[in-house]
Amino acid sequence: NAGVTQTPKFQVLKTGQSMTLQCAQDMNHEYMSWYRQDPGMGLRLIHYSVGAGITDQGEVPNGYNVSRSTTEDFPLRLLSAAPSQTSVYFCASSYFYRTTGELFFGEGSRLTVL
Amino acid sequence: DAKTTQPNSMESNEEEPVHLPCNHSTISGTDYIHWYRQLPSQGPEYVIHGLTSNVNNRMASLAIAEDRKSSTLILHRATLRDAAVYYCILPGTSYGKLTFGQGTILTVHP
């Protein structure tokens, strides 16, 4: 199993550009989520999904869109990048109904917006 | 999620035990206690979880106070690779939507 795979690992954007961060998992997990981590800070939840076709907002959803057309994939779209979105983005997945189970994280995607 | 309180930082020497405390005085009877850690430049990784009894796995031990208002993550012999930020989390009913606080920065000295 590859686990949770994120691409790209690094990306530089100009203000106003759009892009998609990809996330894929091969563990058949129902739950997937996106977090962002700013320097010296904890992780903050952006969006999450409890299954294909179901998404919801987390703590900091503004400026981001998500969709979940398959169990495996959960892309994060930046509609019009702003310097405040410079951050490291982590995708995570888990079995939703196993409340004692563990959350698996990807290695992160480092985004810089100029 | 119930609130947790952890020290900002701790230090240890290599091959010595490390006890990382966490206070969670508002914990409910059904809240599990989860610990994650984040190594430098990596995503968080699961360490251990428990409900009432002490728990052991290959990475660490979790000691839970009898009143469940506090817990301690125990690394029996710290290695340099254990230097990380350690997060104590009580997911409650919102498992998956984990709230990561500041955690405890563990420094391990050779």
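Structure notes:
- Straight Cα distances below 19 angstrom link A:LYS14 to the aspartates and glutamates A:ASP38, with same-chain residues fewer than 8 positions distant left out.
- Each DSSP beta bridge with both residues in the protein assembly as shown is either parallel or antiparallel, and the antiparallel ones are about 85%.
- Total formal charge among the other residues, if their Cβ is under 14 angstrom from that of B:ILE105, Lys/Arg +1 and Asp/Glu -1: -1
- Size of electric dipole in chain B: Cβ of Lys, Arg +1 and of Asp, Glu -1, about Cα centre, debye, nearest 20: 260 debye
- Lys/Arg +1, Asp/Glu -1 at C-beta; chain B dipole; positive extreme among B:GLY43, B:LEU98, B:LEU80: B:LEU98
- Candidates per chymotrypsin sites (Phe, Trp or Tyr not before Pro) in the range A:39-114, loop by DSSP, up to 14 other Cβ within 10 Å: A:TYR97
- For the chain pair B and A, the buried solvent-accessible surface (1.4 Å probe, both sides summed) amounts to about 1600 Å².
- The charge dipole of chain A, taken about its Cα centre with unit charges on the Cβ atoms of Lys, Arg (+1), Asp and Glu (-1) only, comes to about 360 debye.
- Loop-exposed trypsin sites (Lys or Arg not before Pro) per DSSP, neighbour cap 16 Cβ within 10 angstrom, longest uninterrupted part of chain A: A:15-97
- Each DSSP beta bridge with both residues in chain A is either parallel or antiparallel, and the antiparallel ones are about 90%.
- Surface per residue (accessible, 1.4 Å probe) for the protein assembly as shown, Å²: 49 Å²
- Peptide B:30-43 has a mean shielding of 3, counted as Cβ atoms of other protein chains within 10 Å of each residue's Cβ.
- Within the protein assembly as shown: Cβ-based charge dipole about Cα centre, in debye rounded to nearest 20 (Lys, Arg +1; Asp, Glu -1): 460 debye
- DSSP-loop GluC sites (Glu not before Pro) across the range A:1-94, with at most 16 other Cβ within 10 angstrom: A:GLU59
- Amide proton proximity set for A:LEU79, modelled H, under 5 Å, gap of 5+: A:ASN65
- Note on B:MET59 and A:SER69: with the Förster distance fixed at 41 Å, the Cβ-Cβ geometry gives a FRET efficiency of about 0.70.
- Element breakdown for chain B at a 1.4 angstrom probe: carbon and sulfur atoms account for 49% of the accessible area.
- Stretch in chain B that is longest and holds no trypsin sites (Lys or Arg not before Pro) that DSSP places in a loop and that have at most 15 other beta carbons within 10 Å: B:4-57
The values are calculated or read from the model by the stated rules, or taken from the named source; none is laboratory data. Values in this document were obtained by computation on a predicted structure and should not be read as measured data. For neighbour counting, all protein chains shown are included, and Cβ atoms are generated from backbone atoms with ideal geometry for every residue, glycine included. Protein only, heavy atoms only, side chains kept; ligands, DNA and RNA dropped before computing areas. Shrake-Rupley method; radii C 1.70, N 1.55, O 1.52, S 1.80 Å.
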